[in-house]
Amino acid sequence: MDKPYKIPESVLVVIHTAALEVLLIERAGTPGFWQSVTGSRDTPDEPLRETARREVFEETGIAVAPDSADLVDWQLSNIYEIYPIWRHRYAPGVLHNTEHVFGLQVPAGSAVMLAPDEHTALRWLPYRAAADLCFSPSNAEAILQLPHHLR
């Protein structure tokens, strides 16, 4: 059975500490591609907050309670062209993705368990250094907005 196409609507979750340290993870199979947690909706009706919670857990092992005030919808969306290297995951003719940005504040020193099939390394960096390291312009821009979204 063929794997279903990805839904071209996703979340980007900037995981950070109160001191503005940001977690970046390196994509498996594409060394040097550092990013925040990202992932597509599993179904068209999956709530975006649930997508964010699920992706954070799948990619980092960090469990977020459904009602957690630490996970914040930044009410920011980006529409971008899907990189050609990943277009095969989407239905034919789908060229753009809508990405919804969330922030997740965690305690300094939080344990992270990467999904080895998705990511191979992690770094905690000051937010500006993290933005500089991101391969995705929308991810870098989201990280630079972090100080404006702190509780």
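Beta bridges assigned by DSSP with both partners in the chain are antiparallel in approximately 70 percent of cases.
Using the Kirkwood radius over Cα pairs, work out the Stokes-Einstein diffusion coefficient for the chain at 37 °C and 0.692 mPa s, in µm²/s as a whole number. Each step should come with its number before you reach the end.
Working: Rh = 15.6 Å.
In µm²/s, the coefficient rounds to 211.
GNM remark for the chain: springs join alpha carbons under 10 Å apart, and the peak mean-square fluctuation among SER138, SER77, SER68 falls on SER68.
For PHE57, put the label point 7 Å out on the Cα→Cβ axis and report which residues of the range 1-25 keep their amide N under 15 Å from it. Label zone hits: none. This model, with +1 at the C-beta of Lys and Arg and -1 at the C-beta of Asp and Glu, gives the range 1-134 a dipole about its Cα centre of some 280 debye. Rounded to the nearest 10 degrees, the inclination of helix 48-60 to the longest alpha-carbon principal axis of the chain is 80 degrees. Ranking PRO31, TYR5, THR60 by how far each Cα lies toward the positive end of the dipole of the range 1-79 (charges on Cβ) leaves PRO31 at the top.
Once you list every other residue whose beta carbon is under 11 Å from the beta carbon of ARG89, what net charge do they have if Lys and Arg are +1 and Asp and Glu are -1? Intermediate values should be presented prior to the final figure.
On the way: positive: LYS3, LYS6, ARG87; negative: none.
In short, +3.
Work through the residues other than LEU144 whose Cβ is under 15 Å from its Cβ and net out their charges, Lys, Arg +1 and Asp, Glu -1. Neighbour charge sum, excluding LEU144 itself: -2. Computed 3J(HN,Hα) for the range 88-95, one whole-Hz value per residue from the Karplus formula 6.51 cos²θ - 1.76 cosθ + 1.60 where θ = phi - 60°, is 4, 6, 10, 4, x, x, 7, 10, glycine and proline marked x. Computed from the Cβ-Cβ distance with R0 of 25 Å, the FRET efficiency linking ALA65 to VAL112 stands at 0.90.
Bear in mind these aren't lab numbers, they're just calculated from the coordinates by the rules spelled out. Computed from a predicted structure; not experimentally measured. Reconstructed Cβ throughout: ideal geometry from the backbone, glycine too, with neighbour counts over all protein chains shown.
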